[in-house]
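For reference, the structure is listed below as structure tokens.
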Amino acid sequence: MKSISDISKARSILQFLLITVLFSHSLLAQENAASSDPEPDSLATIEVGFSGSTDTDIDYEALVKELYGEEAKKDPVAITKVEPIKGRSRGQQVGSAPGLMQNSFLNGAHFALNASSPFAVSDPLFSWYSFIDGSLTFKIPYELYVESLPLYILFEVSSFSFTNSYPEGGAFEGISYIMQAATIGDHAGAAVGFGLWSRSMGSMLEVNYRFRPTTNTFFRLGIRGVMITDIDPVGAAWWLELRLSTGLEL
């Protein structure tokens with residue numbers, strides 16, 4: 001009987017020791033698990049890798065430049081550069097058409113047939129009758145420039161006729177030869193000239209308006225003032241005449 005009881009006691013002691021070892025082992029495992037913290041996740045941690053972090057020691061601009069590169073700087077000159085507004089600028093005053101004879105030395109010239117009649121005279125010519133006169137004008141195909149203004153040279157052969165009825169008879173008539181310098185715009189023009197009216201020296205000033213029925217033809221309406229230095233027997237005198245012209249540009 002003693003042997004059986006001794007065996008029971010020994011078994012109980014072994015069971016107690018085994019339970020004690022297992023319990024101690026479980027306590028040590030729990031303490032190790034509580035003392036060891038898990039490694040933080042960078043995606044779950046606010047302080048690492050997020051611009052919303054409150055950590056002032058992190059230079060986020062430097063981090064962005066390192067990861068994605070520095071953004072190309074904009075050229076301030078290119079930003080502030082403004083293209084000028086293109087508008088119509090006044091160019092050189094040109095009134096001649098391309099012409100009919102572009103390969104000829106006459107290109108740029110024109111011929112004009114004119115009809116004129118005085119409508120106002122000075123006192124010495126008040127009792128003189130006038131008539132309708134005709135003339136032929138040739139524009140020389142060359143230009144002279146004064147600053148940026150082109151001047152054209154014209155030569156004119158014209159008839160003129162005045163007849164005195166009171167208090168004594170007489171006539172002032174013949175052919176005039178006039179050299180002119182003219183400016184010719186798209187529509188308006190002006191001319192000044194000097195020449196001979198028969199054997200008397202004279203000068204003239206004209207303004208005119210021109211329009212084109214076709215590319216190389218034109219009609220012209222103008223007013224001309226003529227000053228003669230000596231008309232026998234009245235002396236110096238002037239008159240104003242109305243002129244109608246039609247021409248062809250070569």
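Structure notes:
- One chain, two ends: LEU14 and TYR209. Fully extended at 0.36 nm per residue, the span grows by 56.3 nm beyond their Cα-Cα distance.
- Mean-position separation - Cα centroids, segment 193-224 and segment 108-165, in angstrom: 5
- Packing-based exposure ordering (other Cβ within 10 Å, fewest first) of PHE155, PHE172: PHE155, PHE172
- Ranked by how many other Cβ atoms sit within 10 Å of their own Cβ, fewest first, the residues GLU61, GLU249, GLU156 fall in the order GLU61, GLU156, GLU249.
Here, each number is a calculation from the coordinates, and none is a lab measurement. Quick caveat: nothing in here was measured; it's all calculated off a predicted structure. Please note: Cβ atoms are built from the backbone with ideal geometry, for glycine as well, and neighbour counts cover all protein chains shown.
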